Amino acid sequence: DTAVSQTPKYLVTQMGNDKSIKCEQNLGHDTMYWYKQDSKKFLKIMFSYNNKELIINETVPNRFSPKSPDKAHLNLHINSLELGDSAVYFCASSRQRDTQYFGPGTRLTVL
Amino acid sequence: AQKVTQAQTEISVVEKEDVTLDCVYETRDTTYYLFWYKQPPSGELVFLIRRNSFDEQNEISGRYSWNFQKSTSSFNFTITASQVVDSAVYFCALSEPTGANSKLTFGKGITLSVRP
């Protein structure tokens, strides 16, 4: 049984396009996150939601918009993709401040 | 601001050697959590351990052990008798409470290569 899942696993697209990444967790957690891992493997938090409410927004461009339709889902929509958006995006979930469990990642390549 | 330093960037060992991965952190919080995650070549992030700031007991899990020393702000990870399957990038992380959530501040990771 997959705990935190993301779709798609790979996403290749042209500059200027709009794309979405979906995340779902079946752990019963109330908190979900998006992290970005750059080409040097550095991991940085982007957003955090608790019970569908945005809690953390780490100076991410407005082109990135998270949406949480319910506690088990946190999607990431990206408008007007740029070359610099190429990265691996990880979704994670936790029970409030408890351990964060990560999804398998989505590798986004912008051409 | 919180900071995690993993000064070693790449380590290469021969199978069965012991290896220690260093982690030094900075925080002004009195209550915090420290983590280690493993990222194998397949790319997923695997949780290994969580330690809270009030528990300085060392922990051992099979071939893995962790040494938490508050006095030196370090949380080092030792793999005993390393195996090829231990080859991965290892991240140390520090948790900063933010309201009902917490955000992880990661170190830059240590790439461990275990050669047969």
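Key figures for this structure:
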read-out: Extension gain, B:ARG28 back to B:SER12 (0.36 nm per residue minus Cα-Cα distance, nm); value: 2.4 nm
read-out: Rg/Rg_globular for chain B, with Rg_globular taken as 2.2 N^0.38 Å and Rg from C-alpha atoms; value: 1.04
read-out: Most positive-pole-ward Cα, B:SER87, A:GLY105, B:VAL114, against dipole of the protein assembly as shown from beta carbon charges; value: A:GLY105
read-out: Distance between modelled label sites at B:ALA81 and A:LYS67, nm, 7 Å Cα→Cβ extension; value: 5.3
read-out: Segment A:LYS9-A:THR59, length gained on full extension (0.36 nm per residue, minus Cα span); value: 15.5 nm
read-out: Peptide ranges A:22-31, B:1-10, A:96-105 listed from the most packed, as the mean C-beta count within 10 angstrom indicates; value: A:96-105, A:22-31, B:1-10
read-out: Chain B - accessible surface per residue (Å², probe 1.4 Å); value: 48
read-out: Lysines whose Cα lies under 26 Å from that of A:LYS44, excluding same-chain neighbours fewer than 8 positions away; value: A:LYS9, A:LYS19, A:LYS22, A:LYS36, A:LYS52, A:LYS67, A:LYS71, B:LYS3, B:LYS38, B:LYS70, B:LYS103, B:LYS108
read-out: Using a Förster distance of 30 Å, the FRET efficiency for A:THR109-B:PHE54 (Cβ separation, nearest 0.05); value: 0.10
read-out: Angstrom value of the Kirkwood radius, inverse mean 1/r, which spans all Cα pairs in the protein assembly as shown; value: 18.2
read-out: Share of carbon and sulfur in the accessible heavy-atom surface of chain A [1.4 Å probe, %]; value: 48
read-out: Mean projection area, nm², convex hull over Cα of the stretch A:1-61; value: 5.5
read-out: C-alpha center-to-center spacing [the stretch B:2-63, the stretch A:35-111] in angstrom; value: 23
read-out: Averaged over A:92-103, number of beta-carbon atoms from partner chains that fall within 10 Å; value: 5
read-out: Averaged over B:33-39, number of beta-carbon atoms from partner chains that fall within 10 Å; value: 2
read-out: 3J(HN,Hα) from dihedral phi, the stretch B:60-67, Karplus parametrisation 6.51/-1.76/1.60, rounded to Hz, x for glycine, proline; value: 10, 9, x, 8, 9, 9, 10, 10
read-out: Buried solvent-accessible surface, both chains (B, A), 1.4 Å probe, Å² to nearest 100; value: 1900
read-out: Amide H within-cut-off set for B:SER53, under 5 Å, with H built and near neighbours excluded; value: B:TYR32
read-out: Spin-label pair A:LEU27/A:LYS41, simplified geometry with 7 Å Cα→Cβ offset, distance in nm; value: 2.2
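The values are calculated or read from the model by the stated rules, or taken from the named source; none is laboratory data. On a predicted model such as this, the values are computed, not experimentally measured, just so you know. No Cβ is skipped: glycine too gets one built from the backbone with ideal geometry, and neighbour counts run over all protein chains shown. Accessible surface areas use protein heavy atoms only, side chains included; no ligands, DNA or RNA. Shrake-Rupley method; radii C 1.70, N 1.55, O 1.52, S 1.80 Å.
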